[in-house]
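Enquirer: I have a structure here, written as structure tokens, and I will follow up with some questions on it.
The values are calculated or read from the model by the stated rules, or taken from the named source; none is laboratory data. These figures come from a predicted structure and were not determined experimentally. Cβ atoms come from the backbone with ideal geometry, glycine included; neighbour counts cover every protein chain shown. Areas reflect the complete protein model, heavy atoms only, side chains present, ligands, DNA and RNA absent. Shrake-Rupley method; radii C 1.70, N 1.55, O 1.52, S 1.80 Å.
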Amino acid sequence: MMKKNKAPSSRRAEIQHLYDCYACGQETLPACALLRFLHKEQMELTANEELSESLIDRYEIEETARESRFMTFEGFLRYMESRDCCVFNQNHTSVYQDMDKPLTSYFISSSHNTYLTGDQLVGKSHLDAYVCALRKGCRCLEIDCWDGPDMEPVVYHGYTLTTKILFKDVISTVEQHAFEVSAYPVILSLENHCSKEQQEVMAQYLISILGDKLLRTPLDHQTNGDLPSPNDLKYKVLIKNKKLKIKREDTAGTEIEESVEEGEDEEEEEDEEEEDHQSKAKFWSPRKAGPKVKVKALSDLVIYTRSVKFISFSHSRDNQNHFENTSMAEKKARKLAKASGADFVQHNQKFLSRIYPAGSRTSSSNYNPQEFWNVGSQLVALNFQSLGLAMDLNDGRFQDNGGCGYVLKPPVLMSSQRSFDPACSQHSIKPTHLLLKVISGSNLPVPRSGKALDPFVRVEIHGIPSDSQRKNTHTVKGNSLSPHWDTDMNFKVSVPELCLVRFCVRDQTGFLSSDFVGQYSVPFTGLKKGYRWVPLRSRDGCSLDPASLFVFVWCS
């Protein structure tokens, strides 16, 4: 590891110091010295001379040095500021995980009230919200369907002043953009409040607009009681909804109805468990139960994602089919996770579960999704239009595996050999030690006032409760261009495969107050060791390039 530089003025100075250490007094860095740097500092243990020479070819622009297999400082600087030195493992920017497991084996990027661009009371509904979600890799979209004029079903937040868009336009938008960034299946979660007549219209639109993309019959595959895999369902749209009760003939040949447990609308469940109706705006009216699915044509489109009501883990174990899924509001899910975490994990090994924000979140705020990923819930639905910590973590989680919207759950959540309860400290697991040295920053965005920042860096670990922690650097006064912290942070985590690491730069505005400047969230398992740069993102997830941090990462 390099010796501590006493007073570097910028990231360039730190990189110059590294370069000088390995150039050993020479003006250029030979390929063999670059290879030593890759082995010793970057922990690239599989690197060979062929790799170091390819880096020279890629980043060195001085022809004489390139031909002589040397790297100048300018070439080394270009390399150190390239994707090859990003803190996020670039091998994870394409699909690298096994995509042949059942759907239940994956975290699936999921949106709540996808149509909204603002709050749930007077916000606008817009087709662009679906486009934005899909382009962020979202694979489960919500569509609240209500009767509209002229037999045209509409999508909006019922019993509120949110604006309305046509159901057929939503489906056309999905058809156009569903597979732009990911080939893996899209799930349309229908909140169906329509009459029988307009349910018929919905079914017609789904069939006519989606065409071959719509999954209409079960796949011809060996199920073994499991759902198909993302690979099995490539380029397919699945309908998540309730189904009609099954009719069968009794022994005398008389047709009777066999009771099939139907799922509840989200609002029905919210009404049952909402403890503080006063938190809602005065004109907010708890939504009444909409009509159940009454149309065979719509019911028949529900293949692998039939919604049923959650009763208990034991009831699901004894009665639920692999193609049935449950939804529950965050309060109920939180209580279950705290009281019966191990049972929740086992439930999610067999069945899909969707978690959605409480009805009292009228401003479309979000819960922290980590608490439900910890129990293995696949469809942890967030308001994508609401910026902040929750969406930062969601973006960090789902940039993994090529941003395809499906991330394989870690073995700790899928093991049938041992019970895992995220609420209990995992004392039996040898902790992983993470050292993060936050060295410096570069080109941090200046606020509109034009005043230089007083920046500090907060590093957060988000995982099971006993692993979740955060640490701050000291504050550097009046330096946006090249603040230097040189701060060591040590973390111990017992379940790193569930953790996200969030780097957050803040501007100290008072003794106890600070403003957001930029952040970057990355899966713990996607961290690269060695000297790395952290590309900062804005509140809305956009790149703040060239704003970045320079860090050193080591773990054991």
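Enquirer: Which label marks the calculated value of P(r) over Cα pairs in 20 Å bins from 0, in percent, given the options (i) 18, 46, 32, 4; (ii) 20, 48, 26, 6, 0; (iii) 19, 52, 25, 3, 0?
Expert: Checked against the structure: label (ii).
Enquirer: At 1.4 Å probe size, with every protein chain present, just tell me what the per residue accessible area of segment 320-479 comes to in Å².
Expert: 35
Enquirer: Considering only DSSP beta bridges where both residues belong to the chain, give the percentage that are antiparallel (nearest 5). Present the calculation step by step, with values, prior to reporting the outcome.
Expert: Details: 60 of 84 bridges.
Here the antiparallel bridges make up roughly 70 percent for the chain.
Enquirer: In the structure shown, do any of K196/K296; K213/K234; K477/K529; K136/K529; K332/K409; K164/K236 have a Cα-Cα gap over 19 Å, and if so which?
Expert: K477/K529; K136/K529; K332/K409; K164/K236
Enquirer: Farthest toward the dipole's positive end in the chain, which of S307, N443, L408, given Cβ charges of +1 (Lys, Arg) and -1 (Asp, Glu) about the Cα centre?
Expert: The Cα lying farthest towards the positive end belongs to N443.
Enquirer: Angle between the Cα long axis of helix 341-350 and the longest principal axis of the chain, 0 to 90 degrees, nearest 10?
Expert: 70
Enquirer: How charged is the neighbourhood of R83? Take every other residue with its Cβ under 13 Å from the Cβ of R83, and add Lys/Arg as +1 and Asp/Glu as -1.
Expert: Values: positive: R58, R78, K528, R532; negative: E81, D84, D545.
Net local charge, R83 excluded: +1.
Enquirer: Separate question: Kindly sort K234, K242 by accessible area of their heavy atoms, largest first, with the probe set to 1.4 Å.
Expert: Order by accessible area, largest first: K234, K242.
Enquirer: Any idea of the accessible area per residue across segment 9-163, 1.4 Å probe, to the nearest Å²?
Expert: That works out to 43 Å² for each residue.
Enquirer: Kindly provide the helix-only [θ] at 222 nm of the chain, computed as the sum of -39,500 (n - 2.57) over DSSP H runs of four or more divided by all residues, to the nearest 500 deg cm²/dmol?
Expert: The helix contribution divided over the chain gives -7000 deg cm²/dmol.
Enquirer: Compute the separation of the alpha-carbon centres of segment 478-556 and segment 335-382 and state it in Å as a whole number.
Expert: 27
Enquirer: Carbon and sulfur: what percent of the chain's accessible surface (1.4 Å probe)?
Expert: The C+S portion of the solvent-accessible surface of the chain is 49 percent.
Enquirer: Consider a paramagnetic label point 7 Å from the Cα of R216 along Cα→Cβ; state which residues of segment 296-338 have an amide N under 13 Å from it.
Expert: Under cut-off, by backbone N: 297-298, 300-302.
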